[in-house]
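The values are calculated or read from the model by the stated rules, or taken from the named source; none is laboratory data. The structure displayed is predicted, hence computed values, not measured ones. Glycine also receives a Cβ, built like all others from the backbone with ideal geometry; neighbour counts cover every protein chain displayed. Quick note on the areas: whole protein, heavy atoms, side chains included, nothing else; ligands and nucleic acids left out. Shrake-Rupley method; radii C 1.70, N 1.55, O 1.52, S 1.80 Å.
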Amino acid sequence: MNRTTLSLIAGTAALAAVTGFATLNQPDASGADSARAAAELPVERTSLLCPAPSTSELAETSYTSFTPVTKGTGADGKAELTPAAEESADPATATPGGKTSGKTDGKTNGKTDGKTNGKKKPAAKPALTPKAPGAPAVGTTTGGDAPALLGTAEGSSAPGWTVQQTTEVPAGSGRGLQGLACSAPDTEFWFPGVSTAADRSDYVHLTNPDDSAAVVDIALYGKDGALETTVGEGLTVPAHSSEPILLSTLTGEKQEDLTVHVNVRSGRLGAAVQALDEKLGGDWLAPATDPAPTQVVPGIPKDATAVRLVAYAPGDADADLKVQLASPSGLITPAGHETLHVKAGRTISVDLGDVTRGEAGSLVLTPTDQSVPVVAAVRVLRGKGADQESAFIPATAPVGTRASAAGNSAKGATLSLTAPKGTAQVKVTASAGSGGGTAVSKTYTVRSGTTQDVELPVPGGLKGNYALTVETLTATPVYASRTLTSTQEGVPGFTVQTLPDDRGTVSVPQADEDVAVLQK
């Protein structure tokens, strides 16, 4: 075949490729096309990852799946949750030192025996089968063998899909209520507030949803900077598997407050930290929002008896932050904690005590002078003496267009809303119940600089659990969190989940066929 024939074939193929697909129109100089340059359309596929809930044989875990009804979706859609592969015993995987650090000795003390027989159990069935949009689905499991779950939703089930994982552990290390909103895979995660102290067993759970292995680096930063780690770099997480890594196996240093940075070199992962305390219960620590000069930690329970703020500055410059509490009456400055100095590359913590003093509150951190990105989270205690329980609230992004929180019951759920920069209006919808009921909505006004614990609308004729969907009606940023509470033998169990934008829609550029590009 000669060169002329090859050129003719290549040109014909190029023409077919261009005319067969949409191409972007170049806007005119007046910018008339800019307003219609992109449309917000529902996403067509969503992935969620749920880590293994517990290793305690006493654990009782419930899952709630929910997709809000979204305009513009078709009639077809489905969602499913499948068990991840069992943790590997291969020393080349993410488990440090060849030990399966997520496996326990059968006791509820959170300690591991580091042994495995290398055999895989038969694949477990999913904990629940998601329903159509607008109706939550629930499922339960017991014991310490529940696997991590890999979730995929398509079509009408994809926009705003959320899965809540809530576990009750009545005794042992980490006893109390542990809750987590299953998260989408990503490539970078920040966890301020973890610990390698003697009373803590903190595990970072890494879940790989893809067909190929992922490679990840884990770095720890303390009060004096980066900690020396033994096997923190180049860890491999096999395809379709989940690996719990005990942080204290990565370093010999014992520090009360640390920041963990998980950086995925190749592939994608879901990541969450399970923090288990011998005396103060435990909970999941979700990733904090991306580093930024201003951070908001919404929804600190009004009956909090102790609040510890942990912050980290990942750049090369120190950060000086103004610390404020958005209370029901407005922004106030905690006495003795007006500002916070965060040295570059170091983690700092400060005890704020019972900063909320019986009222709803959210922490607002803003730069005093130079804008330097930081990450932040708080650890909250409720109860007194031996009856204390702990939970974590990371700094989060605004609700944006819409966010949902599943797994609410008729009692024991609180929604906190805060608008640090201006008065905002918010629409809250309580879905139908998992066993029946009628959805109901209510609109709230959140005054500038305040936090409001709203009285939740309850679905009519509620049966089972329901989901809350929060939609902002004004341009003012609103931050939100949902608290679940339960009391077991006098211990005030609780867990808090933030509500960032569900990313249920995506900007799609205006496009048309344009063969004129062949002439340019």
Residue match in segment 123-145 (condition: at pLDDT 95 or above and under 30 Å from G234 (Cβ atoms)): no
Residue list for segment 40-70, restricted to those being assigned to a strand (DSSP E or B) and of a type outside the set (S, T, Y): E40, L41, P42, R45, L48, L49, C50, E60, F66
Every residue from segment 178-192 that is more than 12 Å from the chain's Cα centre (by Cα) and over 13 Å from W284 (Cβ atoms): T187, E188, P192
Meets criteria (at positive phi and either touching a residue at least 24 places away in the same chain (Cβ under 8 Å) or charged (D, E, K, R) (or both)) for G353: yes
Among residues of segment 163-182, those that are of a type outside the set (D, E, K, R) and part of a strand (DSSP E or B), counted: 12
Pairs, first exposed (fewer than 14 other Cβ atoms within 10 Å of the Cβ) in segment 412-428, second of a type outside the set (S, T, Y) and assigned to a loop (DSSP other than H, G, I, E, B), C-beta under 6 Å, six or more apart: T423/R447
Selected residue (criterion: farthest from D290 (Cα to Cα)) from residues of segment 352-406 that are of a type in the set (S, T, N, Q) and assigned to a strand (DSSP E or B): S390
Residue check for A475: at pLDDT 95 or above, among the hydrophobic types (A, V, I, L, M, F, W, C), open to solvent by 30 Å² or more (accessible area, probe 1.4 Å) and on the phi < 0 side of the Ramachandran plot: yes
Enumeration of residues in segment 139-162 that are acidic (D, E) and outside any strand (DSSP E or B): D145
Some residue of segment 366-375 being over 26 Å from the mean Cα position of the chain (by Cα), surrounded by fewer than 21 Cβ atoms within 10 Å (Cβ to Cβ) and at positive phi: no
Residues of segment 372-392 satisfying the condition of being more than 21 Å from Y221 (Cα to Cα) and of a type in the set (K, R): R382, K384
Any hit, segment 29-37, residues being at pLDDT below 95 and either closer than 30 Å to L276 by Cα or not small (G, A, S) (or both): yes
Selected residue (criterion: surrounded by the fewest Cβ atoms within 10 Å (Cβ to Cβ)) from residues of segment 255-281 that are among the small types (G, A, S) and at pLDDT 95 or above: S266
Test: residue in segment 155-173 that is modelled with pLDDT under 95, open to solvent by less than 30 Å² (accessible area, probe 1.4 Å) and not β-branched (V, I, T): yes
Scope segment 451-468; condition among the acidic types (D, E) and open to solvent by 60 Å² or more (accessible area, probe 1.4 Å); matching residues: E455
Yes/no for G252 being at pLDDT below 95 and either more than 20 Å from V194 (Cα to Cα) or aromatic (F, W, Y) (or both): no
Filter result for the condition that a residue is at pLDDT below 95 and over 21 Å from T251 (Cβ atoms), over G151, G176: G176
Residues (modelled with pLDDT under 95 and not in a loop (DSSP other than H, G, I, E, B)) located in segment 330-351: none
Filter result (of a type in the set (S, T, N, Q) and at pLDDT 95 or above) within segment 385-410: S390, T396, T401, S404, N408
Complete set of residues in segment 229-248 that are open to solvent by 10 Å² or more (accessible area, probe 1.4 Å) and assigned to a helix (DSSP H, G or I): S248
Residue within segment 381-388 that is among the charged types (D, E, K, R), farther than 28 Å from V194 by Cβ and surrounded by 21 or more Cβ atoms within 10 Å (Cβ to Cβ) present: no
Filter result (open to solvent by 10 Å² or more (accessible area, probe 1.4 Å) and either farther than 11 Å from A313 by Cβ or among the acidic types (D, E) (or both)) within segment 341-359: S349, V350, D351, L352, G353, D354, V355, R357, G358, E359
Selection within segment 431-450 - surrounded by 17 or more Cβ atoms within 10 Å (Cβ to Cβ), farther than 26 Å from Q165 by Cβ and either of a type in the set (S, T, N, Q) or more than 26 Å from the chain's Cα centre (by Cα) (or both): T450
Subset tally (residues that are open to solvent by 10 Å² or more (accessible area, probe 1.4 Å) and not in a loop (DSSP other than H, G, I, E, B)) for segment 299-329: 5
Tally of residues being over 18 Å from E278 (Cα atoms), over 20 Å from the mean Cα position of the chain (by Cα) and in contact (Cβ under 8 Å) with a residue 40 or more places away in the chain across segment 193-213: 2
Tally, over segment 183-211, of residues that are assigned to a loop (DSSP other than H, G, I, E, B) and open to solvent by less than 10 Å² (accessible area, probe 1.4 Å): 2
